[in-house]
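All of the numbers you see were taken from the coordinates with simple rules; none came from a lab. Just so we're clear, the structure is a prediction, and the values are computed from it rather than from any experiment. Every residue, glycine among them, receives a Cβ derived from its backbone with ideal geometry; neighbour counts consider all protein chains shown.
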Amino acid sequence: NEDLMVGHTTFSDYSEMTRIFKYYDFPLGSDAVRRMGFSSYPGVAGSTDDYYLLDSGLVITETTLSMLTDEPYDKLESNEERVPDFMRIMLANRLAKTGHEWADLMRRSATGTYSSQWMVVDYKLFTPGSPLKNGTLVVLEQVPGMSHEEDMSQRLQATGFWSSENRPWYKEVRDSIGATEAEELHGKLFSADQNPRARIFAGSAPEVQSLADMRAEMRRNRWPHEAFVDLGDGPDHAIAARGDLDNDHPSANGGVDAKVTNRCLAQRLRCDAISGPTALSQKPFRWTDASGRELFPGSPHEGLPDVWNFDWVRMSPDGEGGFPGGSDCDA
């Protein structure tokens, strides 16, 4: 328990790799949060990745839950007034002081159609070298017509990590969106803790001892040397997916970034971020070959670099982050 790190890799089409790391500063005395930082895109009010650092001590992220049946949508009443998700997220960010408060605000006026597993880490409750306190990690799952929240701090204490791979954890949520049935029919690919990325995390998480280790973990793609043939052995099942490397059906889709922070950096609203598909153990992604021929003609990329092989950058609200180097903390 010497440190507590939070990382996230966004899965998306490579055409969407126009990225901005934003900081908001709203000096409104009635709110719990004045400043926040988050990965984002031009013209977007929130993150949509999602990855937020708040000066309340909360760090919030999520992964999307795939709807495997249409039945949950039948639970929604068309005449009910609801608040769009991007508004509720920013409202919860501004008003919540704890993970449970954040989850409660997110549940209000929710449709659940932005189906996600939300993880809220409260760094105010974390003391290096001490057992985790309840409330340190709160996990909320929302799907159409249903929200389920639990405190996962003691599970994090027992296992040393919590991973999220676009698979619901709570049984009632799994049943609702068809994940339980999909696992019964198609096997562990749809399991909450035995899917490919979950198995990779379970094996590699004990090796993560520093922020540098965490940066490498969030960029991990050792395909074909780290593959599960029984679950689907493509490069898009790695922690940092690379759909473009698939031999049979290559696609310009996968992990397009990574963001990591720890206790020291989060207190300063700082994180380390990198843009583009992983090139840690794979060749860098490129849009054209040596002759200039388009490798993915159906994917627009005007204004984007041709070759993606960038370094990590330390994001900071004062603009003085630079490159992280070997430091886990800034003085």
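Write out the GluC sites (Glu not before Pro) in the stretch 164-203 meeting two conditions: DSSP loop, and at most 13 other Cβ atoms within 10 Å of their Cβ. Intermediate values should be presented prior to the final figure.
On the way: sites: E165, E172, E181, E183, E184; in loops: E165.
Answer by residue number: there is no such site.
On each of the three principal axes of the Cα atoms of the stretch 1-101, give max minus min coordinate, whole Å, ordered largest first.
In descending order, the Cα extents are 42, 37, 36 Å.
Eight or more residues apart or on different chains, and alpha-carbon atoms under 27 Å: count the Lys pairs in the chain matching that.
Value for the chain: 13.
Running a GNM on the chain with Cα contacts under 10 Å, which residue among D49, D193, D289 ends up with the highest mean-square fluctuation?
D289
How large is the convex hull of the C-alpha atoms of the stretch 173-331 per residue, in Å³? Don't jump to the answer; show the numbers that get you there.
On the way: hull volume 27.1 nm³, N = 159.
Spread over its residues, the Cα hull of the stretch 173-331 gives 170 Å³ apiece.
Output wanted: per-residue J couplings in Hz (rounded whole) for the stretch 185-199, from phi through Karplus 6.51 cos²θ - 1.76 cosθ + 1.60, θ = phi - 60°, x for Gly and Pro.
Result, rounded to whole Hz: 7, 10, x, 6, 4, 9, 6, 6, 10, 10, 6, x, 5, 5, 5.
Per residue of the stretch 249-265, what does 6.51 cos²θ - 1.76 cosθ + 1.60 with θ = phi - 60° give for ³J(HN,Hα)? Whole Hz please, x for Gly and Pro, Karplus curve as stated.
9, x, 9, 7, 8, x, x, 9, 5, 7, 9, 9, 9, 9, 4, 5, 5
Which are the unpartnered cysteines of the chain, meaning those with no other cysteine Cβ under 4.7 Å from their Cβ?
C271
Report the dimensions of the stretch 6-315 along its three principal axes from the alpha-carbon atoms, largest first, rounded to Å.
58, 44, 44
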